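Please treat every number below as a calculation from the coordinates, not as lab data. What you see is a predicted model; the values in this text were computed from it and never measured. Ideal geometry is used to build each Cβ from the backbone, glycine not excepted, and the neighbour counts take in all protein chains shown.
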């Protein structure tokens, strides 16, 4: 059981786990999950971590079908510039490995911004904390559990 699953169980939030066989040489984790689970890429969200020079790190949760707009997330955070955080830094901070990073149950509670498009769905899918495992839950429950805010942070 991953920290993400423990968190949702403890909070008594309705959720469903979705498991699939992760291919060993796959690097497009979100696209693979959407395809294998038969989920629209707009409804499956990836967890990306950014870093700033003066405010540490933050989490952006955006649809697999899009990209995170670094300028917009910087503005939301109130900083001039952000960049994608380094892999080792992300894994150390979250406690998860790349391709299995969940916005839920991270080691360090980072500021989290969820793309506003999540509110278009009753249920969204995010990583449950390991490759080959997704969790579906309400975007509002996800926001509550991660203390996240919603902003339009993705672009096509």
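So how do 156, 138, 127 line up by other beta-carbon neighbours within 10 Å, fewest first?
On the way: 156 6, 138 17, 127 27.
With the fewest neighbours first, 156, 138, 127 line up as 156, 138, 127.
If you stretched the chain out fully between residue 1 and residue 83, how much longer would it get, using 0.36 nm times the residue separation minus the C-alpha to C-alpha distance? Please report the intermediate quantities before stating the final value.
Values: separation 82, 0.36 × 82 = 29.52 nm, distance 3.13 nm.
So the chain would gain 26.4 nm between residue 1 and residue 83.
Which residues does the label zone of residue 67 cover in segment 94-125, counting backbone N under 18 Å from a point 7 Å along Cα→Cβ?
Inside the label zone: 115.
If each DSSP helix of 4+ residues adds -39,500 (n - 2.57) and the sum is divided by the residues in the chain, what number results at 222 nm, nearest 500 deg cm²/dmol?
On the way: 5 runs with 42 residues, N = 156.
Estimated from H runs of four or more residues: -7500 deg cm²/dmol.
Antiparallel as a % of all DSSP beta bridges within segment 3-155, to the nearest 5?
Numbers: 20 of 27 bridges.
Counting only bridges with both partners in segment 3-155, antiparallel ones make up about 75 percent.
For segment 77-131 and segment 137-155, write down the distance between their C-alpha centroids in whole Å.
11
Suppose each label sits 7 Å from its Cα in the direction of the beta carbon; what would the residue 119-residue 53 distance come out to in nanometres?
It works out to 3.3 nm between the two label points.
Percent of alpha carbon pairs in segment 1-71 separated by more than 22 Å? Write down the numbers at each step before the final one.
Working: 965 of 2485 pairs.
Of all Cα-Cα distances in segment 1-71, 39 percent exceed 22 Å.
Which value, in nm² and rounded to one decimal, describes the direction-averaged projected area of the C-alpha convex hull of the chain? Intermediate values should be presented prior to the final figure.
Details: hull surface 33.2 nm².
Averaged projected area of the chain's Cα convex hull equals 8.3 nm².
Grab the beta carbon distance between residue 107 and residue 75, set R0 = 30 Å, and tell me the FRET efficiency rounded to 0.05. Display every interim value, and only then the final one.
Numbers: r = 27 Å, r/R0 = 0.90.
In this case the efficiency is close to 0.65.
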